[in-house]
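Computed from the coordinates by the stated procedures, all read-outs in this text should not be read as laboratory data. Since we're looking at a predicted model, the values are computed, not measured. Backbone-built Cβ (ideal geometry, glycine too); neighbour counts: all protein chains shown.
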Amino acid sequence: MNMRIVIFAGGSGRRLWPISRQSSPKQFEPIVGEASTLQLAVARVAPHYGIDNVFIATNERYGDIVRQQLPDLPPANIIYEPARRDLGPAVGLAMAHLAAGGEHDPVAILWSDNYIENVAAFVELLRTAELLVAQGQAEILFIGETPRFANENLGWIGLGEAAGMVGETPYYSFQSLTYRPPLERCREMFAQGNYVWNTGFFVTTPAYIRRLYAQYSPAMWRQLQEIEAQIGRADYAATLARVYPAMEAIAFDDAILTHLDAGEALVLHSEMGWSDPGTLYALKEAIEPAIEANVTKGLVIDTASTDSLIYNYESRKLVVAVGLEGMIVVNTDDAILVVSKDNIPLVKKVIDELQGTDLENFT
C-alpha cells in the first residue's frame, strides 16, 4: 500500500500581498511559471503515490478553487476546515480522517506553498522516511533541506549522531527544533554543519500523532474525538461546524512537536533545492539568490537595478524600473505595491490594518 500524503493548503498568504489575497491565497496562484504552488505540490507526489492517496486539507471557503485546480482529486480527499484555527487543530482533524484508513500506516505531512527544484531527491527522502516509519525505526521522520546560507527566516533542525543508512541515504538522530533564530545564531548553526533547514515536512503515523494529542493537548483531543465520531455520518457537518471553531487557535509545533521525545524521531536531509517563499523578498531569493540579479514577470523593462523583484500582472500596461536597489514592485489590476526589501514585514501589518475598513475588499 502506498503512503498517504496530506498537503495543507489553508493559509491566507497575506505576506505575499498583492499577489496573494484572502480570496485566492498564494498556494492557488502561479507565482513562478504557469501552475499554482498547490498544483506543483500535487504533481510532485501523485505520479509516485497515486492521486487516490493524496489528500488536501484546506479552509472550506477554498473548496471550489481546490476542485477546479485539481479535477482528478477524489472529492472525498478534500478535508475541509470550517474556520481558521491554525495548524494545531488542522493537523488533528486530518489525522482523524486518515486514521480510519490505517492508523498505523505511514502518512506524509506536506505544505502547498513551497518550491522544490530537485524532485527526485525529495521523493527519495519520502520513500526513505516511509520505509523507516513502516519498519518501526522511528515514530516520526523530519525532512530537512541542506542549508545554502544562514537564513533567519526559517526554522532549523539540529542533527544528532548519524544513525544509519538506507541505500545511500543517511539518517540522523534528532536533536532540536529552533524557530527563526537570530541571524548571528543562524550563522553559527550554518558554520557548525550539524543543522539543517526545517522544511516542515515529516512522515509519521496517525496513531503516533493522535497519542501526542491525547497526552499533551487533552482538551483539543476530546474535541477531535467528538468530531471523529461523526465522520461518515449525517451529523458530521453540523458537529464540525459547532466544535472546530471553538478549538484553541495554536500552532502544531506549540501544541504537539515541542513535547515529543527526541528518541522517537529521526532526521533526513538532502539538497532538494527547497525554498519557502513566505515573503516577496524570500520569493526573489528563492528564484534568484544572487544580489546583483533581479526577478521580473510580465511586461517589464528594467535598467540599472539590482536585487529587486518586479512583477507586472497587467498585459496592457508597461512597468519600467530604473536604478532600483533591493526593491519589490508588484502591479496587479487593482493594486500596486512598492516596498524596500528591509520593510517587507510591514506589508502584512498594513494589510491586517485594512480588515474591517472600506478597503478590506482589496486584501
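When the chain is described by a simple charge dipole with +1 on each Lys and Arg Cβ and -1 on each Asp and Glu Cβ, the residue from S270, T363, I31 located farthest towards its positive end is T363.
From helices alone, the chain scores -9000 deg cm²/dmol at 222 nm; the rule is -39500 (n - 2.57) for each run of n ≥ 4 DSSP H residues, then divide by the residue total.
Within the shell defined by Cβ-Cβ distances under 14 Å, the residues around A120 carry a net charge of -2, with Lys and Arg each +1 and Asp and Glu each -1.
Counting DSSP beta bridges with both partners in the chain, what percentage is antiparallel, nearest 5?
Details: 28 of 59 bridges.
Of the beta bridges lying entirely in the chain, close to 45 percent run antiparallel.
Compute the relative contact order of the chain as a whole-number percentage, counting only Cα pairs closer than 8 Å that sit 6 or more residues apart in sequence. Here the relative contact order equals 19 percent. Scanning residues 5 or more positions from A321 or on other chains, those with amide H under 5 Å from its amide H are I301, D302, T303, with H placed 1.01 Å from N in the peptide plane. Converting phi to 3J(HN,Hα) with the Karplus coefficients 6.51, -1.76 and 1.60 and the offset θ = phi - 60°, the stretch 50-57 yields x, 5, 5, 9, 9, 10, 10, 9 Hz in sequence order, with x at every glycine or proline. Of all the stretches in the chain, which is the longest one without any exposed loop site, taking GluC sites (Glu not before Pro) in a DSSP loop (any state but H, G, I, E, B) with at most 11 other Cβ atoms within 10 Å? In the chain, the maximal stretch lacking such sites is 35-167. If I build a Gaussian network model for the chain, linking alpha-carbon pairs within less than 10 angstrom, which residue out of G92, G167, G102 has the largest mean-square fluctuation? Highest fluctuation of the listed residues: G167. Here the chain was treated as a single set of alpha-carbon atoms; its pair distances binned every 20 Å from 0 give 28, 58, 14, 0 percent.
Among residues other than A251 whose Cβ falls under 13 Å from its Cβ, what is the net charge (Lys/Arg +1, Asp/Glu -1)? Write out the running numbers ahead of the final one.
Numbers: positive: R84, R85, R180; negative: D86, E248, D253, D254.
Taking every other residue near A251 into account, the sum is -1.
Please sort by residue number the chymotrypsin sites (Phe, Trp or Tyr not before Pro) in the stretch 148-239 whose DSSP state is loop and whose Cβ has at most 16 other Cβ atoms within 10 Å.
Working: sites: F149, W156, Y171, Y172, F174, Y179, F190, Y195, W197, F201, F202, Y208, Y213, Y216, W221, Y236; in loops: F149, Y179.
Answer in residue order: F149, Y179.
If you add up the charges near L266, with Lys and Arg at +1 and Asp and Glu at -1, over every other residue whose beta carbon is less than 15 angstrom from its beta carbon, what do you get? Present the calculation step by step, with values, prior to reporting the outcome.
Working: positive: R127; negative: E130, E139, E161, D261, E264.
Neighbour charge sum, excluding L266 itself: -4.
Near E81, the amide H atoms lying under 5 Å from its own belong to T58, N59, E60; only residues 5 or more places off or on other chains count, and H is placed 1.01 Å from N. Applying a threshold of 19 Å to the alpha-carbon distances of K284/K348; K317/K348; K317/K341 flags K317/K348; K317/K341 as lying beyond it. In sequence order, the stretch 151-164 has phi-based couplings of 8, 8, 9, 10, x, 10, 10, x, 8, x, 6, 4, 9, x Hz under the Karplus curve 6.51 cos²θ - 1.76 cosθ + 1.60, θ = phi - 60°, and Gly or Pro positions carry x. In sequence order, the stretch 187-192 has phi-based couplings of 4, 5, 4, 4, 5, 5 Hz under the Karplus curve 6.51 cos²θ - 1.76 cosθ + 1.60, θ = phi - 60°, and Gly or Pro positions carry x.
Of all stretches in the chain that contain no trypsin sites (Lys or Arg not before Pro) in a DSSP loop with at most 13 other Cβ atoms within 10 Å, the longest one is 1-232.
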